[in-house]
Amino acid sequence: LDEGAGETVVDLSGSGGDGTIINPNGGLGLDGSVWIEDAERGVVLSFNGVNGTGACVTTGVTIPAMDLTTDFTWMFWCKQDASQGFTAETGGNDVILGNRYGGTAAPLQFVKFTPTNFEFYNGDNTNFVTYPEVMPSSVWVHNVTVKDGDKLTYYRDGFEVRSITLTKTVDANPFYMGADGFSGIQEAWCGYLSDVRIYNRAVTRLEILAVIAGVEQIDMEVGFAMVPPVMDGEVDAIWSVAS
């Protein structure tokens with residue numbers, strides 16, 4: 001989400017799931033632009049949170065049907081705007097990622113990240129991961145949900161926050177960013193998005209930490225010295241292989 005102009009966001013995974021920005025003047029930038037240069041994250045995408053006229057990204061990605069053995073990971077940076085509400089009446093269930101109305105109608109099924117929950121919904125809210133603290137405002141937060149079989153775990157800024165055991169499955173669903181775009185712009189969220197990633201496997205915490213650090217991987221190989229190094233002003237050979 002760093003193009004900085006236009007109505008297309010490119011899927012860098014090679015899977016061909018490029019996104020299209022609906023209402024590109026429904027953002028928080030100059031004259032309502034969705035594109036903003038952020039001091040911390042560089043060029044990012046923004047959403048003004050207005051149902052009907054706010055921005056939304058529709059994608060060529062389909063959230064696949066998932067049973068209790070399927071794995072997946074959703075990962076992204078977000079900076080929620082201070083105007084975003086936190087109750088059901090004021091936007092606590094708005095769509096940061098996922099969908100709300102484009103899934104199976106009977107029983108209703110959908111998957112979405114919101115300011116208050118990760119909702120894995122099939123007929124009821126028994127398979128929600130409710131955050132102990134709602135999404136903070138005005139700061140960048142790294143969010144990850146990992147589905148490893150029937151275990152669903154939420155990480156915030158690299159730390160495991162909460163996990164649940166799933167009892168429900170979901171059918172295939174569309175994937176949106178910033179709002180549900182199935183039938184107009186609904187449940188529109190207000191804030192900024194950067195580096196959205198979707199995996200068809202359960203990533204490890206080390207992989208999460210590597211993304212946060214901006215590196216491909218974290219080298220956990222530990223070297224050892226036959227003679228322990230001492231603080232004598234000389235550089236010991238062991239430090240040359242330190243990560």
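The values are calculated or read from the model by the stated rules, or taken from the named source; none is laboratory data. Predicted model, so just to flag it, every value in this text is computed and none were measured. Every residue, glycine among them, receives a Cβ derived from its backbone with ideal geometry; neighbour counts consider all protein chains shown. Ligands, DNA and RNA are stripped out before the accessible areas are found, and what is left, the full protein with its side chains, is counted by its heavy atoms. Shrake-Rupley method; radii C 1.70, N 1.55, O 1.52, S 1.80 Å.
From (1) surrounded by 14 or more Cβ atoms within 10 Å (Cβ to Cβ); (2) within 30 Å of residue 88 (Cβ to Cβ); (3) at pLDDT below 95, pick out the condition that doesn't hold for residue 205.
Residue 205 satisfies every listed condition except (2).
Select from segment 130-155 the residues that are more than 27 Å from residue 48 (Cβ to Cβ) and assigned to a strand (DSSP E or B) and list them in ascending order.
146, 147, 148, 151, 152, 153, 155
Would you mind listing the strands (runs of 3 or more DSSP E) fully within segment 21-92 where at least 2 residues are modelled with pLDDT of 95 or more and in contact with a Pro (Cβ under 9 Å, 6 or more places away or on another chain)?
72-80
In the list 114, 59, 104, 70, which residue meets the criterion of being open to solvent by 20 Å² or more (accessible area, probe 1.4 Å), under 12 Å from residue 178 (Cα atoms) and hydroxyl-bearing (Ser, Thr, Tyr)?
59
If I go through segment 78-103 residue by residue, how many of them are over 16 Å from residue 131 (Cβ atoms) and among the hydrophobic types (A, V, I, L, M, F, W, C)?
1
Looking at segment 83-100, is at least one residue over 23 Å from residue 153 (Cβ atoms), touching a Ser or Thr at 6+ places or on another chain (Cβ under 9 Å) and β-branched (Val, Ile, Thr)?
yes
Just checking, does segment 97-112 include any residue being in a loop (DSSP other than H, G, I, E, B) and modelled with pLDDT of 95 or more? Lay out the reasoning, then the answer.
Narrowing segment 97-112 to residues in a loop (DSSP other than H, G, I, E, B): 99-104, 106-107.
Restricting the remaining residues to those that are modelled with pLDDT of 95 or more gives none.
Among the residues of segment 97-112, not one is in a loop (DSSP other than H, G, I, E, B) and modelled with pLDDT of 95 or more, which makes the answer no.
Is it the case that some residue within segment 31-41 is open to solvent by less than 30 Å² (accessible area, probe 1.4 Å), touching a residue at least 12 places away in the same chain (Cβ under 8 Å), closer than 24 Å to residue 145 by Cβ and not polar (S, T, N, Q)?
Looking for residues that are open to solvent by less than 30 Å² (accessible area, probe 1.4 Å), touching a residue at least 12 places away in the same chain (Cβ under 8 Å), closer than 24 Å to residue 145 by Cβ and not polar (S, T, N, Q), one finds at least one in segment 31-41, hence yes.
Do we find a residue being under 18 Å from the mean Cα position of the chain (by Cα), closer than 15 Å to residue 192 by Cβ and in contact (Cβ under 8 Å) with a residue 24 or more places away in the chain anywhere in segment 6-17?
yes
Which members of segment 168-198 meet the condition of being open to solvent by 40 Å² or more (accessible area, probe 1.4 Å), part of a loop (DSSP other than H, G, I, E, B) and in contact with a Leu (Cβ under 8 Å, 6 or more places away or on another chain)?
169
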